[in-house]
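A.B. asks: Sharing a structure, written as structure tokens. Questions coming.
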């Protein structure tokens with residue numbers, strides 16, 4: 001028998017999955033992102049009241065959508081909107097009634113029929129500052145909290161909150177159309193859209209907060225939208241490169257946790273559990289990106305790094321020297337202390353922990369890394385390998401303090417204990 005707590009957990013899971021689609025579809029109807037969010041939240045509140053008594057419906061997404069649409073009609077009636085507006089919303093509800101669900105799902109991936117894709121391009125309009133585009137899209141399509149976005153940006157939470165509020169206000173005041181642009185306008189916004197998709201994927205691949213090591217639904221949604229973009233822009237090398245990068249990384253999903261959900265690091269993973277279909281698809285997309293002349297572009301370089309791991313049947317077969325060289329090219333192209341930290345990990349495998357620690361110590365005082373828990377985790381690992389266990393324990397503890405992910409915190413405290421400290 002399902003308890004009320006079980007139902008609430010089920011509602012939370014459904015909400016994480018359905019929230020972006022719900023907001024996207026409602027935005028198309030009401031042409032107002034803030035109002036769409038409010039209507040979606042209203043539907044969630046109704047579910048929280050109704051489902052513990054009635055049970056979770058067979059198609060919870062459709063249930064939430066219908067509830068939100070009814071709320072939309074109530075909203076327009078309450079404010080005595082024009083009859084034409086009421087007729088428009090009513091017609092949309094008829095067109096997207098539950099018995100047309102199959103047609104709805106089938107239409108999701110076409111050029112002009114994907115509400116999520118429309119919402120991404122709307123959120124990435126050039127009228128918005130670049131950082132606001134990313135924050136807004138992560139909020140709307142990634143379903144991330146303001147706190148989670150702040151951690152992804154390595155920025156203050158109030159700053160991110162203000163960016164999101166201003167972005168929604170700017171879109172509303174400018175009357176930006178809810179559409180996927182064409183031609184040059186689409187090309188202008190594509191780079192920002194790709195960046196947003198990769199951040200969404202990364203949040204799914206390594207969750208910044210919560211009890212789960214990963215949020216696979218976010219990875220799946222980022223890949224789905226990436227494949228749509230690849231069809232929309234078949235001659236853009238970086239689109240194919242990003243798809244390659246996401247698919248190769250996602251191939252490791254089943255091997256990244258053990259039976260208890262605890263993290264399994266790359267070198268310890270059972271590579272027979274890697275998804276070979278995703279690897280083949282990813283490598284094919286990378287080949288396409290290279291054919292289009294984009295071998296040394298940012299996403300292609302990262303995909304090439306991922307490909308080095310995918311091609312190694314055993315961890316010992318990994319070409320770490322090539323990976324370090326690729327990171328060096330990437331660091332010159334897009335200078336970043338995070339990239340240098342990743343390069344240090346590759347150097348540690350190719351040349352030893354001492355060389356890696358030397359590089360890490362040149363970037364450890366970077367303001368961008370001050371609250372970045374992986375800096376301390378990686379530095380702790382290097383110190384541990386060098387036998388400097390007391391220093392390593394302090395670094396692992398610092399990393400554990402900074403992470404908001406329960407699984408990662410437990411792992412890091414475990415590392416601190418193994419190095420002679422108290423976990």
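The values are calculated or read from the model by the stated rules, or taken from the named source; none is laboratory data. Worth saying up front: this structure is predicted, and the values here are computed from it rather than measured. Note: ideal-geometry Cβ built from the backbone for every residue, glycine included; neighbour counts use all protein chains shown.
A.B. asks: Show the residue pairs meeting these rules: Cβ distance below 6 Å; 6+ apart or different chains; first residue within the stretch 312-334 and without any contact (Cβ under 8 Å) to a residue 60 or more places away in the chain; second residue outside any helix (DSSP H, G or I) and crowded, with 19+ Cβ neighbours inside 10 Å.
C.D. replies: 312/318
A.B. asks: Tell me yes or no: at least one residue of the stretch 177-189 is at negative phi, crowded, with 21+ Cβ neighbours inside 10 Å, in contact (Cβ under 8 Å) with a residue 24 or more places away in the chain and in a helix (DSSP H, G or I).
C.D. replies: The answer is no; no qualifying residue exists.
A.B. asks: Kindly provide the set of residues from the stretch 239-264 that are buried (at least 20 other Cβ atoms within 10 Å of the Cβ) and outside any loop (DSSP other than H, G, I, E, B), ordered by number.
C.D. replies: 239, 240, 241, 242, 243, 244, 245, 246, 247, 248, 249, 250 - these are the residues of the stretch 239-264 that are buried (at least 20 other Cβ atoms within 10 Å of the Cβ) and outside any loop (DSSP other than H, G, I, E, B).
A.B. asks: Would you mind finding the one in 352, 380, 387 that is buried (at least 21 other Cβ atoms within 10 Å of the Cβ) and either out of contact with any helix residue (DSSP H, G or I) (no Cβ under 8 Å at 6 or more places or on another chain) or at pLDDT 95 or above (or both)?
C.D. replies: Residue meeting the stated conditions: 380.
A.B. asks: Another question, if that's okay. Which condition number does residue 156 fail, the rest of (1) closer than 22 Å to residue 371 by Cα; (2) within 15 Å of the chain's Cα centre (by Cα) being met?
C.D. replies: It fails just one condition, (2).
A.B. asks: Pull up the stretch 26-43, narrow it to residues that are farther than 19 Å from residue 165 by Cβ and at pLDDT 85 or above, then point me to the one that is surrounded by the fewest Cβ atoms within 10 Å (Cβ to Cβ).
C.D. replies: Per the criteria, the residue is 42.
A.B. asks: Same structure, new question: Residues in the stretch 360-374: is at least one closer than 21 Å to residue 264 by Cβ, loosely packed, with under 15 Cβ neighbours inside 10 Å and in contact with a helix residue (DSSP H, G or I) (Cβ under 9 Å, 6 or more places away or on another chain)?
C.D. replies: No: the stretch 360-374 contains no residue that is closer than 21 Å to residue 264 by Cβ, loosely packed, with under 15 Cβ neighbours inside 10 Å and in contact with a helix residue (DSSP H, G or I) (Cβ under 9 Å, 6 or more places away or on another chain).
A.B. asks: Something else about it: Can you find a residue that is modelled with pLDDT of 95 or more, surrounded by 15 or more Cβ atoms within 10 Å (Cβ to Cβ) and either out of contact with any helix residue (DSSP H, G or I) (no Cβ under 9 Å at 6 or more places or on another chain) or outside any helix (DSSP H, G or I) (or both) anywhere in the stretch 317-331?
C.D. replies: Yes: the stretch 317-331 contains one or more residues that are modelled with pLDDT of 95 or more, surrounded by 15 or more Cβ atoms within 10 Å (Cβ to Cβ) and either out of contact with any helix residue (DSSP H, G or I) (no Cβ under 9 Å at 6 or more places or on another chain) or outside any helix (DSSP H, G or I) (or both).
A.B. asks: Oh, and also: Would you check if there is a residue in the stretch 289-307 being crowded, with 17+ Cβ neighbours inside 10 Å, assigned to a helix (DSSP H, G or I) and over 24 Å from the mean Cα position of the chain (by Cα)?
C.D. replies: Scanning the stretch 289-307 turns up at least one residue that is crowded, with 17+ Cβ neighbours inside 10 Å, assigned to a helix (DSSP H, G or I) and over 24 Å from the mean Cα position of the chain (by Cα).
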